Structures are given as C-alpha cells and as structure tokens.
Amino acid sequence: MNSFRIICLAILLTFITFSPTSQAQLIKISEYHNSPPFINSEGGGLGYDIVALLNKYSPDTISFELESIKRSVLNEQLRNNQPKAILLTNPLWFRKIRPDLINSVSLVWDADVFFTTNPLVATKLTQADDFKGLTMVGQNGYFYNGLNTLIHNKQLKRIDVNTFDEMLSLIKNNKADFGIINRSTVNYYNASHGDNNKLHMATKANDAYLFSIVLTPEFNTLLPTINESINAMQRSDDWKALGKKYNIDKLVDLIEFDLVELLDLPL
C-alpha cells in the first residue's frame, strides 16, 4: 500500500509540475469611440489593432479583449463602481465621475476639432464669440472643454447624436452648423473622399490630449505589466506600421496642449 501511495504521489507531482498553474488574466478593455479610424464598418479598426499588438507584446500572464461600448453606458458603469479598463482615453474626462482613475503610459495623442462641410464656417470658428447663435452637433455622453458656458447660457445650441455619420447627416442637411470630433476621424474621412467632398476643420483645435489606457484602481497591481507591454509594443516595427496605416503619428501641434498635458508628452 505504501508503494502504491508513493507511485500515485509521484504521478500527481509530475502532473502539477508540467501543467499550467494559472491561466492568463483576461482584461476586457472598453472602446467607446464608434467612428473610424477607431472602429470601422468591417468590425476592425485602430482599437482592435492596438489590442492585437498588446496581446502580441504582453507576457503570458495577461491578455486583452476589446469590447465596444457607448460612452453613456460606460459613464454609468463607472458611477456604479464597476471595474473598468478603457482604451484610448484620458482620465481628465472622467474626473467628475471617478477621480480615482489611474492611467497607463501614453499610446497616441489627438485633438478635438470643429469640422464642417462649409469652408467659410470653418475659418470663422476661432474664439468664443464666433460660436454665438450657431448650432453644434456633438456625441452623447461627451464633455467638450470650453463650450459648456456658451451652451448653458443658450448662446450655442448643442444637439447630441450617437455616431459620426449622424453628425455628418445633420451638417449636410443644414440642421447643424458644425460638429466636434477627433482630428484622426476627420483625417481618416478626408483620406477616403475626394477634395470635393472633404470636411473642413477650424484652424484652432478645441482641445488636445494624450490617449492612454485608463483603469479603475482594481487594476493597480497590473499597471506595471501593462506599461511594459505598451513600451515593448511601441518599440516594434509593428507599431510604426500601425502609425502609417492610420496616420496617427502627428495629429496635434505642441501649441495645442495645455501645460498639464505637455508635462506627460513623449517627445
């Protein structure tokens, strides 16, 4: 009997030694941008490509899975203290909901720009007084820096929709004077349309910012590993190719950043 027990114990130890002791921790990472280049009509886009590269350059202990989510739903989940990892965003935009958010090292930078189909309107949008009496179309759940006072005082009318295509429809049908969205989206749109159908951007961006992965404090212990994965990814030729594919290497001018953002800007 003792010999039998010894043999069984040896078999069990062998199984434990050569079997995985733990599976990779899955991080569901939310992407609320719903327009190209972040997410396209084919079910791919910049968000999916970044997650694929993160999985390629991350250790076996973690893996990432992208989920598309509405910004309004995401806001509510954060209010309810749900653990969240959010791709391509900035913690400043959620500080009123969750001031305790942490963020990874920077991924890319971008800017919110005013766009329209009318070049004359675009050239006039330079200072606060220029917006008075106009109608702006934005996205549900989004906060736009510097415009809230005008909207609150009913000097600027704001219409909210869910998608970039809905924005374009309102502008093209003269139901809104201009929209506001990421410069990367406008650049992506213009690259796939002729000059006669291009969108025109105001000279001055409304806001410039760094995109990173933003996380609730539950992910604090994983943050060093996530940062190492991002750094490894950004040193790769794959990352350079991604920048060229989506034209995301130079989306803002340094002058568009405020001091807080400049302190973290990877120069």
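Show me the trypsin sites (Lys or Arg not before Pro) within segment 163-221 that DSSP assigns to loop and that have at most 12 other Cβ atoms within 10 Å of their Cβ. Qualifying residues, ordered by number: LYS175. Each residue was assigned an accessible area with a 1.4 Å probe, and for ASP110 the value is about 0 Å². For the set ARG235, ARG158, ARG95, ARG71, solvent exposure ranked by accessible area (probe 1.4 Å, protein chains only) runs largest to smallest as ARG235, ARG95, ARG158, ARG71.
If you roll a 1.4 Å probe over the heavy atoms of the protein chains, what accessible area per residue do you get for segment 78-120, in Å²?
Details: 1850 Å² over 43 residues.
Result: 43 Å² per residue.
Largest to smallest in accessible area, the residues THR203, THR123 fall in the order THR203, THR123 (1.4 Å probe, all protein chains included). Rolling a 1.4 angstrom probe over segment 95-249 with all protein chains present gives an accessible area of which 46% lies on carbon and sulfur atoms. Across HIS193, HIS152, the residue with the most accessible area heads the list, and the full order at a 1.4 Å probe is HIS152, HIS193.
The values are calculated or read from the model by the stated rules, or taken from the named source; none is laboratory data. Quantities reported herein were computed from a predicted structural model and do not represent experimental measurements. Quick reminder, even Gly has a Cβ in these numbers, built from the backbone with ideal geometry, and neighbours come from all protein chains shown. To get the accessible areas, we keep the full protein, side chains included, count just its heavy atoms, and leave off ligands, DNA and RNA. Shrake-Rupley method; radii C 1.70, N 1.55, O 1.52, S 1.80 Å.
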